[in-house]
Amino acid sequence: QAQLVESGGGLVQPGESLRLSCAASGSIFGIDTMGWYRQAPGKQREMVAISKRYGSSSYADSVKGRFTISRDNVKNTVYLEMNSLKFEDTAVYLCYADNSRATYWGQGTQVTVSS
C-alpha cells in the first residue's frame, strides 16, 4: 500500500524548533517532488516547502530563512527543520510526494505554537 507517514509534530512555544519527518512506503517508486504543505483552521492549504529530486527547493515567503527542507532519496524520506516558530505556523502539516503516475499525501501531523 502506497503511503506517506509523517512524524515530529507537537506543541511548542514561540521561538522554539521542531523537525518533521515523512517516509514514503516502499511501494512508491521514482519519486520526483517531495515536500510539505500546511492547513490552518479556516484557511486554504498552502505550500510550505518542496524539493525536486534533481532540482532546487522552494519555500513559502512566510517561512524563508526559518524552515529548511531536506531529503534522503535512498530512504525516500523528506524532513522539515522548523526554527523560530511563530503563532501563525500553527497548522496541520501534510507531507506530499509525486512521481510520473500519481500524487500522494500523508495524513498530516499537528504543529501548535502557543505560549
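The values are calculated or read from the model by the stated rules, or taken from the named source; none is laboratory data. All of these numbers come straight from a predicted model, not from anything done at the bench. Methodologically, a virtual Cβ is constructed for each residue, glycine included, from the backbone with ideal geometry; neighbour enumeration extends over all protein chains shown. Accessible surface is based on the protein model in full, side chains and every heavy atom, while ligands, DNA and RNA are left aside. Shrake-Rupley method; radii C 1.70, N 1.55, O 1.52, S 1.80 Å.
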Identity of the residue in the stretch 91-103, among the aliphatic types (A, V, I, L, M), farther than 19 Å from residue 14 by Cα and modelled with pLDDT of 95 or more, that ends up surrounded by the most Cβ atoms within 10 Å (Cβ to Cβ): 97
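Per-residue answers, yes or no, for (1) in contact with a strand residue (DSSP E or B) (Cβ under 9 Å, 6 or more places away or on another chain); (2) surrounded by fewer than 17 Cβ atoms within 10 Å (Cβ to Cβ):
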position: 89; (1), (2): yes, no
position: 105; (1), (2): yes, yes
position: 109; (1), (2): yes, no
position: 115; (1), (2): no, yes
Subset of the stretch 15-26 (residues that are surrounded by fewer than 13 Cβ atoms within 10 Å (Cβ to Cβ) and more than 15 Å from residue 77 (Cβ to Cβ)): 15, 17
Candidates 94, 80, 85 - the one that is farther than 13 Å from residue 21 by Cα and in contact with a strand residue (DSSP E or B) (Cβ under 6 Å, 6 or more places away or on another chain): 85
Selected residue (criterion: nearest to the chain's Cα centre (by Cα)) from residues of the stretch 63-86 that are farther than 15 Å from residue 48 by Cα and loosely packed, with under 12 Cβ neighbours inside 10 Å: 75
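Within the stretch 27-40, can you find the residues that are open to solvent by 40 Å² or more (accessible area, probe 1.4 Å) and either free of Cβ contacts under 8 Å to residues at least 40 places away in the same chain or of a type in the set (A, V, I, L, M) (or both)?
Restricting attention to the stretch 27-40, the residues satisfying the condition of being open to solvent by 40 Å² or more (accessible area, probe 1.4 Å) are 27, 29-30, 32, 37, 39.
If the condition is that a residue be open to solvent by 40 Å² or more (accessible area, probe 1.4 Å) and either free of Cβ contacts under 8 Å to residues at least 40 places away in the same chain or of a type in the set (A, V, I, L, M) (or both), then 27 is the only one that fits.
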Verdict on residue 68 being of a type in the set (Ser, Thr, Tyr) and touching a Leu at 6+ places or on another chain (Cβ under 6 Å): no
Flag for residue 46 being open to solvent by 60 Å² or more (accessible area, probe 1.4 Å), out of contact with any Lys or Arg (no Cβ under 8 Å at 6 or more places or on another chain) and not β-branched (Val, Ile, Thr): no
Selection count where residues are closer than 17 Å to residue 102 by Cα, of a type in the set (Gly, Ala, Ser) and not in a strand (DSSP E or B), scope the stretch 28-78: 1
